[in-house]
1. If each Cα of segment 681-847 is one equal point scatterer, what is log10 of I(q)/I(0) from the Debye formula at q = 0.08, 0.11 Å⁻¹?
2. Output ³J(HN,Hα) for segment 57-68: one whole-Hz value per residue in order, computed from phi by the Karplus curve 6.51 cos²θ - 1.76 cosθ + 1.60 with θ = phi - 60°, and x for Gly and Pro.
3. For segment 609-671, what's the relative contact order in percent, using C-alpha pairs closer than 8 Å and at least 6 residues apart?
4. Give me the number: length gained by fully extending Thr809 to Lys646, i.e. 0.36 nm times residue separation minus the C-alpha to C-alpha distance, one decimal in nm.
5. What are the ³J(HN,Hα) values, in whole Hz, obtained from phi via the Karplus relation 6.51 cos²θ - 1.76 cosθ + 1.60 with θ = phi - 60°, for each residue of segment 101-108 in sequence order, with x given for Gly and Pro?
6. For Asn149 and Lys561, what is the calculated FRET efficiency with R₀ set at 60 Å and r taken between the beta-carbons, to the nearest 0.05?
7. Determine, at each q value in 0.17, 0.19 (inverse angstroms), the log₁₀ of I(q)/I(0) that the Debye formula gives when each Cα of segment 52-161 is one equal point scatterer.
8. Mind checking the full-extension length gain between Ala52 and Ile668? Use 0.36 nm per residue of separation minus the Cα-Cα distance, one decimal, nm.
Amino acid sequence: MSRFFATGSDSESEESSSADEITPKATGTTFNKQALLLSDDEEDTKRVVRSAKDKRFEELTNIIKTIRNAMKIRDMSKCLEEFEQLCRAFLKSKTIVDKEGVPQFYIRLLADLEDYLNQLWEDKEGKKKMNKNNAKALSTLRQKIRKYNKDFETEIASYKENPEQSAEEEEKDDIGSASSESDDDDDDDDDDEGITAKSLMKKKPQEEEKKAPEASKFLKGAADDESESEDDEESEDWGSDSVDSGSESEDNEGAASSLAVVFLKKTQDEKQHERKKDDKKKRLKKKVQQEEEAEEEGEAEEGGWEKVKGGVPLVKEKPKMFAKGTEINSAVVIKKLNEILQARGKKGTDRAAQIELLHALAGIANENNLGEGILVKIKFNIIASLYDYNPNLAAFMKAEMWKKCLDCIDELLDILFNNNNIFIGENIAEDSENLGISDQPFRVRGCILTLVERMDEEFTKIMQNTDPHSQEYVDNLKDEGHVCGIIDRLLQYLETKGSTEEVCRVYLRRIMHTYYKFDYKAHRRSLGLQGETKSEQDQEESEGEDSAIIMDRLCKFIYAKDRTDRIRTCAILCHIYHHALHSRWYQARDLMLMSHLQDNIQHADPPVQILYNRTMVQLGICAFRQGMIKDAHNALLDIQSSGRAKELLGQGLLMRNMQERNAEQEKIEKRRQVPFHMHINLELLECVYLVSAMLLEIPYMAAHEFDARRRMISKQFHHQLRVGERQPLLGPPESMREHVVAASKAMKMGDWRTCHSFIINEKMNSKVWDLFPEAQRVREMLVRKIQEESLRTYLFTYSSVYDSISMETLSEMFELELPTVHSIISKMIINEELMASLDQPTQTVVMHRTEPTSLQNMALQLAEKLGGLVENNERVFDLKQGVYGGYFNRDQKGGYQQKQNYQRGGYRNQNQSSY
């Protein structure tokens, strides 16, 4: 019986018998000398014949598999490495691609990878969790894929328009290539063994039977949206499996097995294998979907580990809170409350369902009139559950939960105000609670002050995490009135029933919401500008208590009653800030000096240090508005000289290396940031500092022009001058710094009008000066200071040119009153800054020039050498001690050099000018 007829039977018995028949014949044909000489591996290598296209495409497919596996585990470094390898492999197969076209599976990977990287890039929280290598690899890979995909824009666009059709075409191409490969191998084997065309005709239906379930599987995958990506992954696996099956069939043939028999058996095995694989992937897909849904519902950074969407049985209990016929009394409700609270904090607890259950329990207690004690107890737990909804400290409340929290606290305060027989406190033990209705007053364990403080912190977090330039920030800021209202109500409640410590804590909360706000209505009343109010609400607000009176009353209570240093320190700083904000310079300065906070503020915690920095800055701006230029410069010097004003004021973080600050420290520092509506304008701050430095530094530079050992009053101001001098092309000033530098150059020449035009103009008014409450008064003060300092600079610079000069001429030149000019010149003569005398009858200034004697010249040289020796000695001493303070430490010491330099400056300058 011919073996061709044997392969055509459908029964298993005939199949097995044909296999038995064929086996000895196949063995006889393959057993030869060559088989003895070659090992199994060598024989396999010799027999496997594949085209260049199949080799290159298989290499691409394997790399794509590795990339997809790395995408699943978010290994960006591996993705980048494999993508570079994929690009090299694709370049090698360029000749084949030019003939056959770009394979569809390659286009599909490029599109999927780009979408995946864009999704990761937009996930800011996910990026923060990445380590440094993965984050760097993500950025690099995103740039490379965007640049690389420009060459395949049309193919990617057509794929994205119809991804399902593209996937089907890809599968057909893979199946066709695999079948053609197996057909080529079959033809070779049939030629060797004499297979006729009749056997090929009989093999065709079997191959179609093999393709039929696979095609139906992919058609089903295209119709089903949920398993689309799963089936796409199977399509890639199927292509590679077909190649493996071809090689396996060749191995079996090498072992003297019939190709047709093996192919039929393989079809049955593959069907079962694919079915198992399909079920396994569906289960895996379902599991992944459940994890993603759990992450979305967690709404927290650390909530991703929850793999159970609603695994706690509390949700099922919700419809039937109590069994039918159960008598609702205090004991039953308290028992149910304890059952709900036992699930709090456990893994798998649905927090939203727990909050709903507590609301339902509060409704039941209210309907059955079980007393206010139980209701207060449940309200305490509802608010605590709302705070626990986000387990992560960095996460902030969503709008819905925030509104619920405010409403619950309002309801709780309403109950406490309406029932004077309710006593609450943390010192009440749970055993001694009295929640039922009885003759005794209600006693509930809990602290309303802690809840309100947590509410205030949540409001700060909401403002910190909202875009300050969006409408959402404005909407959230409107809730501050509600927050302050709750604090005021709590303040009234604790003034009657709270301890002194609790009153101090709630007073500080009220102060923190008041100290940074400028009281425009009190300012108008002080100026007598109060007009007719348009509505009753405006009239009530205008008749309300001034913020200065409120701050004074609250702060003085804390000064007298508080026992903790932190609350008193914060209250003092807020009080100083409020005084400075409203231009009460002397009160603010005296309070700062009497408190001695500057001596030990470095030992305070970072939020208090930020508050201290904000207070010092506001104090400096207040001194500037009052014309106290030197005090303003001294107050702003520490903040501005550091170059980290933004960070020191808690208004943002500067870019630093990862060595200086890791991710955890960055999170902590972000939580300390001040909300945007409390920020101090940094450009205004820098402008005030630079203008103050200009008014001090330019006359000093003119007086000590030839002194090689002159000190710098402001290092930052000198830096800006050097930057301006290094510019190759000097155009009109644009930025605020350029305006100040240009004004400084004009003042150096005694040209006060040009200096005035650079400091006060439309651009500077809009950027800086119009931001002050009394802008016009500040501008007038600035003009006056510029005139006075320009006069001093003029006299220092040009005194050597004049023998005498009339004070009337100076008065007209600088547009100052004659007594003012007389006063300025007198001070300069008394301080030995100007070697001159006043001639009263003629109202002139007579300059003195005296040639130094030889003894005086020798004394000057000796003093100069001694000064150099002392300075070198101090420098060596500082180096030995390990500290070299530079200009600032030596200035603070205020020792021999500073005094000598100050006393000798005018005399030496006069002598040099007379030579």
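The values are calculated or read from the model by the stated rules, or taken from the named source; none is laboratory data. What you see is a predicted model; the values in this text were computed from it and never measured. Cβ atoms come from the backbone with ideal geometry, glycine included; neighbour counts cover every protein chain shown. These area figures cover heavy atoms from the full protein model, side chains too; ligands, DNA and RNA do not enter into them. Shrake-Rupley method; radii C 1.70, N 1.55, O 1.52, S 1.80 Å.
1. -0.26, -0.49
2. Values, residue by residue: 5, 5, 4, 4, 4, 5, 5, 4, 4, 4, 5, 5 Hz.
3. Reported as a whole number, the value is 27 percent.
4. Gain in length upon complete extension: 54.0 nm.
5. Taking θ as phi minus 60°, the curve returns x, 5, x, 5, 5, 5, 4, 5 Hz for segment 101-108.
6. 0.30
7. The computed values of log10 I(q)/I(0) come out as -0.81, -0.98.
8. Here the answer is 216.0 nm.
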